[in-house]
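Here the structure comes first, spelled out in structure tokens, and everything after it is commentary.
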Amino acid sequence: MLIPLEWLKEFVDISVPVEQLADAITRAGLEVTAVSTVHIPDGVKVARITAVRPHPDADKLSLCDVDIGAKLTIVCGAPNVREGMLAPLATVGTQLASECRVKKAKIRGVESSGMLCSEKELGLSDDHSGIMTLPEEYAAGEELSKYYPDQPVIEIEITPDRGDCLSMLGVAREVSAVLSVPLKDTALRPEESGDKITDALKIEIKNAPACPRYLGRLISGVIIGESPSWLKHRLRSAGLRPINNVVDITNYILLHFGHPMHAFDYNRISGKKIIIDNARENQKFTTLDETERTLVADDLLIYDGEQAVALAGIMGGEGSAISGSTTDVFLECAYFDPVTIRKTSKRLGLSTDSSYRFERGVDPDRGLVNALDTAAELIRRCSGGTVATGMIDACPSPCKKRTVTLRPSRVTRLLGVEIGKQSLIEYLSSLGIQLVHDHGERLEFSIPLYRHDISSEVDCIEEAGRLYGYDNIPSADRAPVSLSVHPSRVEKTIDMINSTLAAMGFHEIITDGMTSEKIHAFMTPHKEPVRIMNPLNPDMALLRTTMLSGCLKTIAYNIHRKNSDSRLFEVGRTFEQKTGAQLPEERDMLAIILDGNFIPGAWNAHSLPGDFYVVKGIVDSLVRALGLAAPEYDSGASLPPYFDTTSSALRSTGCISGAVGTIKKEACALFDIHTDIYFAELDITGLLKTDRTLPEYKPLPRHPALERDFCFVMDESIQSKQIVSEIHALSPLIESVVPFDVYRGEKVGSGKKSIAYSISFRAPDRTLAEKEIEPLCRSCIASLKEKYGIELRV
Amino acid sequence: MAREDASTLENLDTLRKKIFSDLESATDSAALESFRIKYLGKKGALRALLKGLKNIPAERRKEYGARANQLRAETEQAFSSRTRQKKARGDQQSSPFDPSLPGYPFPHGSIHPLTKIRNEIRDIFISMGFDVAYGPDVESDFYNFAALNFPPHHPARDMQDTFLVSPEVVLRTHTSPVQIRIMEEQQPPIRCIMPGRVYRHEEISSRSYCIFHQVEGLYVDRDVSFADLKGTLLWFARRFFDEKTHIKIRPSFFPFTEPSVEIDIECFLCKGAGCSVCKQSGWLEILGAGMVHPNVLASGGIDSEHYTGFAFGMGIERIALLKYTIDDIRLFFENDIRFLRQF
């Protein structure tokens, strides 16, 4: 909200520099986000346009003779330029805010000795529809800055609880409390004459909870026209554009007192009756912005004797609006229930300066009367009408002031500093919060009706605290120990995963976790995803059901930037909607993805291209680093549909489940990836919940091992782990069976493979002799042959 | 020479000395090749040695065999290392060694900058006795708003643009719902931080993203006061940014705390003098905090007459942007390897 300092000064005397003021109110709770100054540059003069002629060579341009003491000719393209008007002229050499210096220039063959300016060009507003019209009282030839002295404007961000600060008055109340200066009453009382308003209009409130109070005044015989320059100037300085004298005054009151008002053309109120009632379900109403709105029964409308004339507190209708021919004005100044207004405004997506303030709560008390009286008097002064005697004050359910009990001891306990009873009373009183009873340890305060945010003791503590100054509260220098109930084992496990994978060459990534229907349909059709009702875009319409989507997106991003050999991992959550549950199931997942080489080639090394076994090796090492046994692989188990045949599921343990393998070409193609992608996706939900077990210590062997190598030829259908477990089963003396070479080719024939194993034999209590292992070797060869038809290759 | 009698262990030692002196003097590739043929080739001395095993008396054969095998392995290793050296150094004995060629290309990875910042923050709070707790990303309206003292139709709800899953379920807009979940689980004393991902319905730009990460904190016990809030967060700021840093506290508004404040820290880049990062103000907005609202304690089943507490929250992305002077938040979620590698 823009607060011109000069306007604020109408309420409070401010003697401190504007920067100091800004700092003080920020520290007290209204955050000043900017302080700017509107400055009319030197060289901009008030110019009288004495003649306007068409440009000989351009339809849209005019030649203007202007008088600034000297007579000049100016080329101007504005549609509103006319003979006799006063307008700002930037003379040659003027440095405008837009960083352009005005030069003498030929425009379509005619020389222009300056530039007639719009408000935008002078930095006064965003209005660039034509040149600015200056008031007749300005003297031609004067510097414009004489009439527009430098004016600081403070920009304040007002939090949603402080609806009372959405006006000059509201900010002034804060300034008054912070600087300890009195607040001036700026309200006017109208000079009344003529008929009583109660004879002119009847008010009926049918929904009192939604409209606890409704005030109105009638001004007759007004002439709609331009507002006086002080008013236009004020509105512009706060960022509003002047329209006409009546509308401008309602806007002025909105900014001045924070009260939204609505002006009706009295002669278009049929039946001379105003009824405040709910809408009918599906009722249609066309608002001033020429949009037809469909209403529901909760919406509140203002009706006349025949039809709806305004959407209460939000926007008026077309039929009864002020127009150039309006002569009699009915001014509405009401208090509407914040929730009613907010519901309608939210549902229609229609937020106005008026609804914004009603939602946050306005002053249903004196403020309402002051706003209406001041508006009526200003309209009388600016438009020449007469104010009917009296005001309508329909107050079916008067708002009562709340009282709040405050215990000074509680203040000390919560803030950690003793403020003192007398100081507490003073701080609160400076904000209009009055002490009504002093019961010693309990103080009873009455809360002004404009402070909708104060309803309990702690709210009063905050008010006192912020005026005392949070910077004045000492910092406690203690850190009591707490007894942990959530040991951070989750953190330790994830730290271990991160550091292990980073050490193995993987980069941690963090992706947005959202994906599209299309990708979901391909990747995880068997899962019910979490769909977002209001997604940013279709590519982010649901939460991921697999980590793969984010990983592939990242790989694609890197490929397109010529980053090859991506080794990435991500720890994150996947989401699945389960029938009957309100919230989806969230799983903690680890994804590892590899594109291209695991180790790139170099002058002294061969590259190690990625494949299933590389990723499997990574997973095995990681799982062991986490203190668990290396996972087992279960090729029979079913895989998510994005893995191709060279993939395998992990045999699920309570800690980890998942799969390792190659991603299908079709899945990669969805992301425009055309290389081989190797991927592991592990569900670590169980792992994070598991306490780490102590490592099991085994004494180191004291006797040497014997090793023998064998090469077996077998059917492709036989898996290595079958051979390994078969050999292990032969004798406890067999310590390890490690494959060290695999061969396929003509030497073994098609449909066959040859795997070479190194078998290590060891006894815990003695050095094995050759002759002890020879029978073992023989039975190994025999049993493999018998069971699997495996031949020893020689 | 190749037929040299090496049938005794002593001879094996002699052979070893010979091999290593020959290797030492093999300075060009031709010499290395003849070394290889002489000792490691099919008809080389080491192969012959093993072939000659059958002539060794049975009782010594085993030990001899093992020693011979060991020598062969050592020789192979020394030869291959010598060959690699040659490759790096060039053929001429006199040509200088080039240490500037790159080392073996071991893959090296990285931990995401957001994780690094998160863990730095976490470790400071753990050192102060805080636990770490977690909650779901997808939350009910109750935990995300109602229990945190956001009335159903209050404009405070506009402070956080929300992704809806259903009218009653949202993607959490802050980590504060975890406060309620913790209070439901345990009675005070409660000291924990709650890091996690949050979602806001905001267009993606260099300044904002539709997801980001927060670290929430909660401390509830008897007689926890605003002075404790200040002390704890000042200590955090000094550990995290600069041991001499100052903080500035501004009143603010969050429905779930009262009083609510925002805490600015002195800009760590310019030490408060004013720079482009702090927009010349000398201060950086880092933290929102406040005393836990009695209604929130009540939502969590805690008696606010007996217990008081403070809560705070900070955005990890914002701190990471400031700390590393990164100018585009999207870099964190694009995961360009050239970016990740820098952390």
**Message:** Where the second residue is assigned to a helix (DSSP H, G or I) and of a type in the set (A, V, I, L, M, F, W, C) and the first is more than 7 Å from chain B (Cβ to nearest Cβ) and lies in region A:493-522, which pairs have Cβ atoms under 6 Å and are six or more apart or on separate chains?
**Reply:** A:T493/A:L688; A:T500/A:L622; A:T500/A:A625; A:M514/A:M540
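Every residue, every condition in (1) under 23 Å from A:L2 (Cβ atoms); (2) exposed (fewer than 12 other Cβ atoms within 10 Å of the Cβ); (3) in contact (Cβ under 8 Å) with a residue 40 or more places away in the chain, yes or no:
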residue	(1), (2), (3)
A:V102	no, no, yes
A:M115	no, no, yes
A:E119	yes, no, yes
A:L122	yes, no, yes
A:S129	yes, no, yes
A:S145	yes, no, yes
A:P149	yes, yes, no
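How many residues are modelled with pLDDT under 85 and open to solvent by 60 Å² or more (accessible area, probe 1.4 Å) when one looks only at region A:395-410? Steps first, answer last, please.
Narrowing region A:395-410 to residues modelled with pLDDT under 85: A:396-399.
Add one more test, that the residue is open to solvent by 60 Å² or more (accessible area, probe 1.4 Å), and what stays is A:396, A:398.
The qualifying residues number 2.
Would you mind stating whether B:P255 is touching a Leu at 6+ places or on another chain (Cβ under 8 Å), at the interface with chain A (Cβ under 9 Å from one of its Cβ atoms) and on the phi < 0 side of the Ramachandran plot?
Values: touching a Leu at 6+ places or on another chain (Cβ under 8 Å): yes; at the interface with chain A (Cβ under 9 Å from one of its Cβ atoms): yes; on the phi < 0 side of the Ramachandran plot: yes.
Here the answer is yes, as B:P255 does meet what is asked.
Within region A:3-24, identify whether any single residue is assigned to a strand (DSSP E or B) and modelled with pLDDT of 85 or more, and answer yes or no.
Going residue by residue through region A:3-24, those that are assigned to a strand (DSSP E or B) are A:3-4.
After this cut, where a residue has to be modelled with pLDDT of 85 or more as well, the list is A:3-4.
Within region A:3-24, one or more residues are assigned to a strand (DSSP E or B) and modelled with pLDDT of 85 or more.
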**Fill in**
Going through (1) more than 27 Å from A:S270 (Cα to Cα); (2) open to solvent by 20 Å² or more (accessible area, probe 1.4 Å) one by one, A:D289 fails only at (1)
**Request:** Spot the failing condition for A:T646; the list is (1) over 24 Å from A:T685 (Cβ atoms); (2) part of a helix (DSSP H, G or I), and only one is missed.
**Result:** (2)
**Request:** Take B:T257 and decide whether it is out of contact with any Pro (no Cβ under 8 Å at 6 or more places or on another chain), buried (at least 22 other Cβ atoms within 10 Å of the Cβ) and at pLDDT 95 or above.
**Result:** yes
**Asked** Using beta carbons and a limit of 9 Å, which pairs, at least six apart or on different chains, have the first residue in region A:355-373 and at positive phi and the second one open to solvent by less than 20 Å² (accessible area, probe 1.4 Å) and assigned to a helix (DSSP H, G or I)?
**Response** A:G361/A:G163; A:G361/A:D164
**Fill in**
Within region B:206-232, restricting to residues that are surrounded by fewer than 20 Cβ atoms within 10 Å (Cβ to Cβ), within 8 Å of another protein chain (Cβ to nearest Cβ) and not charged (D, E, K, R), the one that is farthest from B:E285 (Cα to Cα) is B:A227
**Prompt:** Within region A:10-62, which residues are within 14 Å of chain B (Cβ to nearest Cβ) and aliphatic (A, V, I, L, M)?
**Reply:** A:A22, A:A24, A:I25, A:A28, A:L30, A:V32, A:A34, A:V35
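Yes/no matrix, rows are residues, columns are (1) farther than 20 Å from A:S455 by Cα; (2) within 11 Å of another protein chain (Cβ to nearest Cβ); (3) touching a Pro at 6+ places or on another chain (Cβ under 6 Å):
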{"residue": "A:A334", "(1), (2), (3)": "yes, no, no"}
{"residue": "A:R342", "(1), (2), (3)": "yes, yes, no"}
{"residue": "A:S345", "(1), (2), (3)": "yes, yes, no"}
{"residue": "A:G349", "(1), (2), (3)": "yes, no, no"}
{"residue": "A:S354", "(1), (2), (3)": "yes, no, yes"}
{"residue": "A:E359", "(1), (2), (3)": "no, yes, yes"}
{"residue": "A:D363", "(1), (2), (3)": "no, no, no"}
{"residue": "A:G367", "(1), (2), (3)": "no, no, no"}
{"residue": "A:L372", "(1), (2), (3)": "yes, no, no"}
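Looking for whichever is hydrophobic (A, V, I, L, M, F, W, C) and within 20 Å of A:S220 (Cβ to Cβ) here; the options are A:I322, A:I314. Which one fits?
Numbers: A:I314 fails: within 20 Å of A:S220 (Cβ to Cβ).
Only one candidate qualifies: A:I322.
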**Asked** If you take the residues of region A:164-177 that are in contact with a His (Cβ under 8 Å, 6 or more places away or on another chain) and open to solvent by 10 Å² or more (accessible area, probe 1.4 Å), which of them is farthest from A:D353 (Cα to Cα)?
**Response** A:L169
**Asked** Does region B:132-162 hold any residues that are open to solvent by 20 Å² or more (accessible area, probe 1.4 Å) and over 34 Å from the mean Cα position of the chain (by Cα), and which are they?
**Response** B:F142, B:A146, B:N149, B:P151, B:P152, B:H153, B:H154, B:R157, B:D158
**Message:** For region A:30-43: of the residues being modelled with pLDDT of 90 or more and in contact with a helix residue (DSSP H, G or I) (Cβ under 7 Å, 6 or more places away or on another chain), which is most open to solvent (accessible area, probe 1.4 Å)?
**Reply:** A:V35
**Asked** What number of residues in region B:138-162 are within 7 Å of chain A (Cβ to nearest Cβ) and touching a Phe, Trp or Tyr at 6+ places or on another chain (Cβ under 7 Å)?
**Response** 2
**Selection within region B:284-340 - over 22 Å from B:Y209 (Cβ atoms), assigned to a helix (DSSP H, G or I), open to solvent by 20 Å² or more (accessible area, probe 1.4 Å) and within 11 Å of another protein chain (Cβ to nearest Cβ)** = B:P294, B:N295
**Prompt:** If A:D59 satisfies every condition in (1) open to solvent by 20 Å² or more (accessible area, probe 1.4 Å); (2) in a loop (DSSP other than H, G, I, E, B); (3) acidic (D, E) but one, which is the exception?
**Reply:** (2)
**Message:** Here is a list: A:E155, A:E119, A:E83. Which entry is at pLDDT below 90, over 26 Å from A:D57 (Cα atoms) and among the charged types (D, E, K, R)?
**Reply:** A:E119
**Asked** touching a residue at least 60 places away in the same chain (Cβ under 8 Å), within 31 Å of the chain's Cα centre (by Cα) and open to solvent by 10 Å² or more (accessible area, probe 1.4 Å), is that true of B:W235?
**Response** yes
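Could you check region A:572-593 and list, in sequence order, the residues that are part of a strand (DSSP E or B) and within 10 Å of chain B (Cβ to nearest Cβ)? Don't jump to the end; show me each part of the working.
Going through region A:572-593, the residues part of a strand (DSSP E or B) turn out to be A:572-576, A:585-593.
Hits for region A:572-593 are A:G572, A:R573, A:F575, A:E585, A:E586, A:D588.
Restricting attention to region B:163-199, which residues are assigned to a loop (DSSP other than H, G, I, E, B), more than 8 Å from chain A (Cβ to nearest Cβ) and open to solvent by 30 Å² or more (accessible area, probe 1.4 Å)?
Initial filter on region B:163-199 (assigned to a loop (DSSP other than H, G, I, E, B)): B:163, B:167-168, B:172-176, B:186-189.
Within this subset, residues satisfying the condition of being more than 8 Å from chain A (Cβ to nearest Cβ) are B:167, B:172-176, B:187-188.
Scanning region B:163-199 gives B:P167, B:Q187.
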**Message:** Name the residue that is most open to solvent (accessible area, probe 1.4 Å), counting only residues in region A:706-737 that are free of Cβ contacts under 8 Å to residues at least 40 places away in the same chain and part of a strand (DSSP E or B).
**Reply:** A:E735
**Complete:** Conditions (1) open to solvent by less than 30 Å² (accessible area, probe 1.4 Å); (2) within 7 Å of another protein chain (Cβ to nearest Cβ) -> A:P474 fails only (1)
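If you check A:G141, A:G109, A:G93, which single one turns out to be surrounded by fewer than 17 Cβ atoms within 10 Å (Cβ to Cβ), touching a Pro at 6+ places or on another chain (Cβ under 8 Å) and farther than 27 Å from A:A375 by Cα?
On the way: A:G141 fails: touching a Pro at 6+ places or on another chain (Cβ under 8 Å); A:G93 fails: touching a Pro at 6+ places or on another chain (Cβ under 8 Å).
Going through A:G141, A:G109, A:G93 in turn, the sole match is A:G109.
Against the condition open to solvent by 50 Å² or more (accessible area, probe 1.4 Å), more than 9 Å from every other protein chain (Cβ to nearest Cβ) and touching a Lys or Arg at 6+ places or on another chain (Cβ under 8 Å), how does B:F97 come out, does it pass?
Working: open to solvent by 50 Å² or more (accessible area, probe 1.4 Å): yes; more than 9 Å from every other protein chain (Cβ to nearest Cβ): yes; touching a Lys or Arg at 6+ places or on another chain (Cβ under 8 Å): yes.
Answer is yes for this residue.
The values are calculated or read from the model by the stated rules, or taken from the named source; none is laboratory data. Computed from a prediction, not measured in an experiment: that's the story for all the values here. Backbone-built Cβ (ideal geometry, glycine too); neighbour counts: all protein chains shown. Heads up: the accessible areas ignore ligands, DNA and RNA and are worked out on the full protein's heavy atoms, side chains in. Shrake-Rupley method; radii C 1.70, N 1.55, O 1.52, S 1.80 Å.
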